[in-house]
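The values are calculated or read from the model by the stated rules, or taken from the named source; none is laboratory data. None of these values were measured; they are calculated from a predicted model. We place every Cβ from the backbone using ideal geometry, glycine too, and count neighbours over all the protein chains shown. When the accessible area is computed, the model is the full protein with side chains, heavy atoms only, and any ligands, DNA or RNA have been set aside. Shrake-Rupley method; radii C 1.70, N 1.55, O 1.52, S 1.80 Å.
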Amino acid sequence: MAGVLLSVAAGVAAYCAVGPYGDGPFGAGFRRIPADSPEGTLLVHDSRIGRDLVRAVIEEATGRVRELRLASGGDLASALRVELNEHQGVRVPHDLDGDGITDRWDYYADVRHIESGDVERVGFSLGGDGIVDAWAFHDERGQLARVEVSTLRDGVVDRWEHYSDAKLVRVEADADRDGRVDTWSSYRDGVLTATATDTDGDGIPDSPGAGER
């Protein structure tokens, strides 16, 4: 599967730039769809590989492949969707409860890692509304090690939860969002045991205890 996605991504990117005969994207079977974001017009290209359908969505202005869908048997309703960023990192969205809203995103270094299941991190929506605002990281044993949260839901992480044996042990927060941790909380068996804050902005807890790292 990963090889199919890689070859299609490379092919549509080249076709979008020059076309198969140097005549631009519309000589290669592309079609335009309404833009849903500031990137401008989007192009769609469908490729058949046996019984499977691969659909690529490309930004016309840049030629960047933004999304790939792999439909086994040609059924796009149940297609695997892969979203690519400008650095070719990918994420695979999931609708776990079937309500039509994405509630989990699996992040991979590139499409080659999808088939092996080598997930870098898992994103989810604390509000359950399709906006990713938290990311979970697991250790080599597959246990939860850290959760990063954007409390304002703008993609800026300002809360870090640390786990040991999948149990919460420490929380760090950047309350004033200046890029430095200024609040520390310690937990034992899920119970808050100590807190510390930095009120003078030096990045060091004003009192010992919870802030020791």
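Filtering the range 10-59 to residues that are at pLDDT 50 or above and charged (D, E, K, R) leaves 31, 32, 36, 39, 46, 48, 51, 52, 55, 59.
Looking only at residues in the range 98-130 that are of a type in the set (Ser, Thr, Tyr) and part of a strand (DSSP E or B), the one that is modelled with the highest pLDDT is 107.
When the residues of the range 69-79 are filtered to those that are touching an Asp or Glu at 6+ places or on another chain (Cβ under 8 Å) and within 18 Å of residue 115 (Cβ to Cβ), the one that is surrounded by the fewest Cβ atoms within 10 Å (Cβ to Cβ) is 72.
Of all the listed residues (182, 154), the sole one being under 25 Å from residue 105 (Cβ atoms) and not β-branched (Val, Ile, Thr) is 154.
Mind listing whichever residues of the range 112-127 are of a type in the set (Val, Ile, Thr) and open to solvent by 30 Å² or more (accessible area, probe 1.4 Å)? Matches in the range 112-127: 119 only.
Based on this model, can you work out whether residue 151 counts as of a type in the set (Ser, Thr, Tyr), outside any strand (DSSP E or B) and more than 20 Å from residue 57 (Cβ to Cβ)? Considered against the rule, which asks whether it is of a type in the set (Ser, Thr, Tyr), outside any strand (DSSP E or B) and more than 20 Å from residue 57 (Cβ to Cβ), residue 151 comes out as yes. Would you pick out the residues in the range 54-70 that are in contact with a helix residue (DSSP H, G or I) (Cβ under 7 Å, 6 or more places away or on another chain) and not in a loop (DSSP other than H, G, I, E, B)? Matches in the range 54-70: 54, 55, 56, 58, 65, 68, 69, 70.
The selection criterion, being in contact (Cβ under 8 Å) with a residue 24 or more places away in the chain, more than 23 Å from residue 103 (Cβ to Cβ) and assigned to a strand (DSSP E or B), holds for residue 184. Within the range 156-176, being within 13 Å of residue 186 (Cβ to Cβ), open to solvent by less than 50 Å² (accessible area, probe 1.4 Å) and either touching a residue at least 40 places away in the same chain (Cβ under 8 Å) or among the acidic types (Asp, Glu) (or both) holds for 161, 172.
Let's see how each residue does on (1) hydrophobic (A, V, I, L, M, F, W, C); (2) open to solvent by less than 50 Å² (accessible area, probe 1.4 Å); (3) more than 30 Å from residue 164 (Cβ to Cβ):
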| residue | (1), (2), (3) |
| --- | --- |
| 61 | yes, no, yes |
| 67 | no, yes, yes |
| 81 | no, no, yes |
| 97 | no, no, no |
| 100 | no, no, yes |
| 104 | no, no, no |
| 110 | no, yes, yes |
